[in-house]
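Notes for the one structure printed next.
Quick note: the coordinates plus some simple rules give every number you see, no bench work behind them. None of the values given here were measured: they were computed from a predicted structure. Here the Cβ positions follow ideal geometry from the backbone for every residue, glycine too, while neighbour counts run over all protein chains shown.
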Amino acid sequence: MQWSFRRIFLLLIIISLASVFSFTELEAQEKLITAKSIGFEKTTIIEFKNSEGSKSNIDTFRMWLGSDYSFKSFKTEKGWIGEKTPQGVIVFTTTKPIKAGEVVKFGLKTDKPKPGINWKAIDVNDEQIGTGKTLVSESESIEPEVSSNGGVGILEDSTFRLIPDKPNVGSSMRVTGDNFGANEKIDLYIGNKKITSFNTDKNGHFMITSKVPEGQDPGRIDFVLKDSKNNEKSISYRISESDDRMAQQENIKLTISATPPVFYRGDNVKVTGTAEPGGTVTATIKDESGNIVTTIAVEVDFDGNWEYEGIVAVDTPFGKQTAEITDGTNTILRTWEVKSSKIIEIYPLKVMFEPGQTIIFNGTVLPSQTIEFVLEDPQGTEFLAQIINVNSSGKVRFEVPTERSSPEGTYILFATQGDDTEIILVGLGELPVEQLIVKPDKLNYSSGENATLSIQGPASSTISLLIIDPSDKTKFSDNVILQPDGRAEYELDLKDYGSGVYTVVLTRGNAQATEIFSVGLQAGSGKIDVRTTKDSYASGESILILGSSAKNILLTLSLIDPDGNVVKTKDTFTNKDGVFSENSFRIPLEPKVGTWTVYAKSGPNFDEAEIDVVGEVQEGMIIFAEIDDSLPAFYGKIVIVSGYGAAENHRVFISAIDPDGVEIEKDLTTNTTKEGVFELRWKLPDDIIPGLYTIIAKDAFNEAKTTIQIN
C-alpha cells in the first residue's frame, strides 16, 4: 500500500517534536534504546534495552498514551520508582541506571487492551537519548513463551522464502516462514556463513529483515535455516551483483510530505515519504540553540514508502525547531514552531512542595495586563489570592509561602486574565491527586446562548456530566471524553433553558465536582440588604458576605479600601428565596488599616456594610457560625464556622452541642493561618433536630463559643 509521502514526515516531525516518536532500531546511532512490548488483555509488559555500544546510563523513562487510552496501574522492577502525573504521564526513575547492554521491564495496566505506548528515555545527565512508540503485540498470556518441541525447530513440512526472490549483494531482504516449531531459535546461513538468529512465534511463523553481506560473492548459493538440533531446511537463490541491482531498480529519491509551520501540544501528526527501498530514514530534531532534542528512525518498505505517526507530547518545549531528515545520501531540512493554544501558560516549579516551603509558579501570559491568582487548599478554601501587574515581557511569577502546619494535599491554582482561566494542580506534602474541575465561561447567560464549560480531570478519561435545573431535577446528561492533557471544552446549548439557577455536576467513580450558573437573570429593583459575619478583620482573613434581595436577580459585590480603591469585584445572584452568600473575598496580606466597605449593587439599588481592618489580631479567640444558603437544596444544609484570635499555625478542634446539651459532633478539625484565622464547613445531618445549637472551638491555649439557630 502506497502511503502519502507528506503524511509520513509530518508525523515524524511531530513525534520528535512531541517527544512521542516511536523508535525503530537505529544501528547508526551511538545513543540507542530499543523497546518491545507484549500484552495480554489490558496488561502490557514493555522491555527497554540500552544498546551494547551505548555510552549513556539511563535512569528515567516517561510513558504516556493516546487520547483513547489511560493508565490504571503499573509495576516496576526492584530499584525503580513509578509516579503518575496529573497529565496521565507515568515517570519511572531509579538510583541504579541501566548501562550498555542492560535491560529493564515495566508492567502497565490500561483501561483497554492493545494500547500504543509512547515513551522517552533520559540519561543521568538529563539528556534525552531516545523516544518512540511501541504497538503491543497480543499474547495468550504475558508469561514467557516456552518451547514445547524440545529444541526441534525445523519440521518436515517447514517452508520459507526470501522477499525479493532475487537478492543483491549488500541489499536488504525479508525472510518469512511457516510450519516451524513454536517458540524455537533458528539460525540463518548464507552458504556456510551465519547471518543472524531469531525465534519463531507461538504458531511456528516468522518474518525477519536481514541483509546480504557486502563481501558476498554473486552467484547461486544456498540459504540455510538450522535449529538447535542441527536440523536444516535450505533453498537455492541467485545473488546478483550490486551494480546489477542498481541498474535494474529505479532510484527512488528522498521525499517528505508537507509539514505545517506551527504545532500545538496534543496534536495528532502523521508524516509520510519515499526513499530507497529497504533502507532507513533518520530525522534529527534540534532546538533553536542547535541542541539535539531527539533522533528517530523509520524503515522504508520494499516499495520505497515510509510512514510515521504520533502525538505532540503535553510537555514538549515551546519554540522553533529544525529537523534534518536523511536517508544516508540526501538530506532535507524542515522547520516549525511549537506553540501553545492557550493564552495562559502557568506551571509549578515542581510537582510537590513540602510544608514550610514556598510554592512557586512560573509562566507566560498576555503582556501589560493584570492577572488574578487564587489558590485553594485541599478543603476547597481560598488559601491565597493576589492580583499581579504583568510587564511587557509577559513573564509572570507567583509565590505562595506555606507553614509547616499548612494542610497537606492537592492545591488548585486558578489563574484568570480577562475572560481566560487556567487551572493548575500542585501538591503540598504529597503528590497532587487528579481532580475533577468545571468552570463555566461566565456566570449568567441569555436564553438560547451556548455556555462553554472548561473541564479538567484525569487524562483521556470519560466524565459523566449532569445539569440540575432550579427545581433540583435533571435537565441534561452526557459523557465527556477528556484530551491527553486531561482537559476539554464542552459547549452546552441553553436553547430550552428557562430563567433560574442551574448546577453542573461532574462525576467519575467516587469523585465529584459542581459549579453553578444562571440563565436569564436580570438586575433587580427591590431593596438590598448586605452584611458580613463580623465587624473586624485582620490581614489575609476571608470575608463571608451574606445578604438578601429580590428572588433570582443579579448583583455585583465590591470590596473597597479606605482610600476608595476597589480591591475586588465579583458578580453573584440571589437564589429562589432571595438570599445570596459569597466567601471568595479576602483582606489583602498588607492592607491599609481603617474602615473598608463591602458594596452590593443591582440595577439602581445598592447597599453597603462597613468593616474595620486592624493591623494585628485581637487577643482571645472569637468564633462565628452561619448557615450557607448558596448551595442547591439537594446538598443539604452547611454551617460555615469561622474565627480569629486562635494560636497561629495550630489545629483548632470544633464541637457542636444540641438543644438538649448532648454533644453531637466532636471530630471536626481545621488549621489556623499564620494570623490565627480559621474556617470550616460542617454538613448538618439530614435528621438534625431544629433548635439552638452551641458551637465550641478550642486550640492549645484558647476556647470560644457561639450559638446558631437551625430550623
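Suppose R0 equals 35 Å. What FRET efficiency, 1/(1 + (r/R0)^6) with r the Cβ-Cβ distance, do K99 and F198 give to the nearest 0.05? According to the calculation, E is roughly 0.85.
The modelled label-to-label distance for the pair Q379/L349, using points 7 Å beyond Cα in the direction of Cβ, is 2.7 nm.
Distances between placed amide hydrogens fall under 5 Å for Y537 paired with D612, V613, V614, all partners being 5 or more residues away or on another chain.
Across the stretch 398-415, coupling constants 3J(HN,Hα) worked out from phi with the 6.51/-1.76/1.60 Karplus curve, θ = phi - 60°, read 10, 10, 10, x, 10, 10, 4, 8, 4, x, 8, x, 8, 9, 10, 9, 9, 10 Hz, and Gly and Pro carry x.
Counting 0.36 nm for each residue step from E449 to N649 and taking away their Cα separation leaves a gain of 67.3 nm.
When only alpha carbons are used to place a centre, the stretch 261-302 and the stretch 76-138 end up 21 Å from one another.
Taking amide H as placed 1.01 Å from N in the peptide plane, the amide H of T60 sits under 5 Å from that of I122, each at least 5 places away or on another chain.
Roughly what % of DSSP beta bridges within the chain run antiparallel, to the nearest 5? Around 95 percent of the beta bridges assigned by DSSP in the chain are antiparallel ones.
Whole-Hz Karplus values for the stretch 267-273 come out as 5, 8, 10, 9, 10, 9, x Hz, taken residue by residue from phi with 6.51 cos²θ - 1.76 cosθ + 1.60 and θ = phi - 60°; glycine and proline positions read x. Against the chain, whose longest principal axis is taken from its Cα atoms, helix 5-17 shows a tilt of about 50°. Maximal additional length on extending the Y264-K551 stretch stands at 98.7 nm, based on 0.36 nm per residue less the C-alpha distance.
Going by neighbour counts of Cβ atoms within 10 Å, the residues I468, I129 line up, fewest first, as I468, I129.
The stretch 619-689 and the stretch 424-463 have their alpha-carbon centroids 28 Å apart. Among E610, E491, a tally of other beta-carbon atoms within 10 Å of each Cβ gives an order, fewest to most, of E491, E610.
Computed from backbone phi with θ = phi - 60° and the Karplus coefficients 6.51, -1.76 and 1.60, the 3J(HN,Hα) list for the stretch 374-387 is 10, 9, 9, 7, x, 8, x, 8, 4, 8, 7, 10, 7, 10 Hz; x is used for glycine and proline. Residues whose amide H lies under 5 Å from that of M173, counting only those 5 or more places away or on a different chain, are S210, K211, V212; hydrogens are built 1.01 Å from N in the peptide plane. Ranking of F580, F373 by neighbouring Cβ atoms within 10 Å, starting from the fewest: F373, F580.
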